[in-house]
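The values are calculated or read from the model by the stated rules, or taken from the named source; none is laboratory data. Fair warning: this is a prediction, and the values are worked out from it, not measured in the lab. Quick reminder, even Gly has a Cβ in these numbers, built from the backbone with ideal geometry, and neighbours come from all protein chains shown. Note: areas computed on protein heavy atoms with side chains; ligands, DNA, RNA excluded. Shrake-Rupley method; radii C 1.70, N 1.55, O 1.52, S 1.80 Å.
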Amino acid sequence: HTFRPPYFHRNCMSEFMGLIRGEYEAKKGGFLPGGASLHSMMTPHGPDAHTVEHATTRDLMPGRVADNTQSFMFESMFQLRLTKWATDNKQRDHDYFKAWQSIPITFNPSQR
């Protein structure tokens, strides 16, 4: 079996990511240039429902990702938090968690 996305994960460190230009393949249209996300220690996160559907049904062929895209990621062993400005900003995405709501649960612990 070949592993393929979705690449849900939790980190033992804080992860801050930003998109400078292009499209972020895990949330196309939902994570725009100038945007950023902060996932604190042990916070589960990963691609949106559309990306999961595409990644789990496409043919397993080599492919390119992130063409014409520039992003960055900082990871730290320290707990990071939002500033008051970021917390109170009207552009903050209060529905961020909804990106995962329609992903079906496919894990079966009885299957071997």
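Per-residue 3J(HN,Hα) values for the stretch 27-43, derived from phi via the Karplus relation 6.51 cos²θ - 1.76 cosθ + 1.60 with θ = phi - 60°, read 8, 4, x, x, 9, 9, x, x, x, 8, 9, 10, 10, 6, 3, 6, 8 Hz in sequence order (x marks Gly and Pro). Amide H to amide H distances under 5 Å link S71 with I20, where only residues 5 or more positions off or on other chains count and H is placed in the peptide plane. Amide H contacts for G35 (H built 1.01 Å from N in the peptide plane; partners 5 or more residues away or on another chain; cut-off under 5 Å): L19. Here each label is just a point 7 Å from Cα along the line to Cβ, and for M61 and L82 those points are 4.1 nm apart.
How much net charge surrounds G30 when only the other residues with a Cβ under 11 Å from the Cβ of G30 are counted, with Lys and Arg +1 and Asp and Glu -1?
On the way: positive: K27, K28, K98; negative: E23, D48, D93, D95.
Local net charge: -1.
From the helices alone, meaning DSSP H stretches of at least four residues, give me the mean residue ellipticity at 222 nm for the chain, per-run term -39500 (n - 2.57), in deg cm²/dmol to the nearest 500.
Details: 2 runs with 14 residues, N = 112.
Calculated at 222 nm, the ellipticity per residue is -3000 deg cm²/dmol.
Each eigenvalue of the Cα gyration tensor of the stretch 54-112, multiplied by 5 and square-rooted, gives one semi-axis; in descending order these are 31, 21, 15 Å. In the context of the full set of protein chains, residues of the stretch 32-112 present 87 Å² of accessible surface per residue (probe radius 1.4 Å, heavy atoms only). For the stretch 51-68, the Karplus equation 6.51 cos²θ - 1.76 cosθ + 1.60, evaluated at θ = phi - 60°, returns couplings of 5, 4, 4, 5, 5, 8, 10, 6, 5, 7, 10, x, x, 9, 10, 6, 5, 6 Hz by residue, with Gly and Pro reported as x.
When the Kirkwood hydrodynamic radius is evaluated over all pairs of different C-alpha atoms of the chain, what value in angstrom, to one decimal, is obtained?
It works out to 15.9 Å.
In sequence order, the stretch 85-98 has phi-based couplings of 4, 5, 5, 8, 5, 5, 8, 4, 8, 6, 9, 3, 5, 5 Hz under the Karplus curve 6.51 cos²θ - 1.76 cosθ + 1.60, θ = phi - 60°, and Gly or Pro positions carry x.
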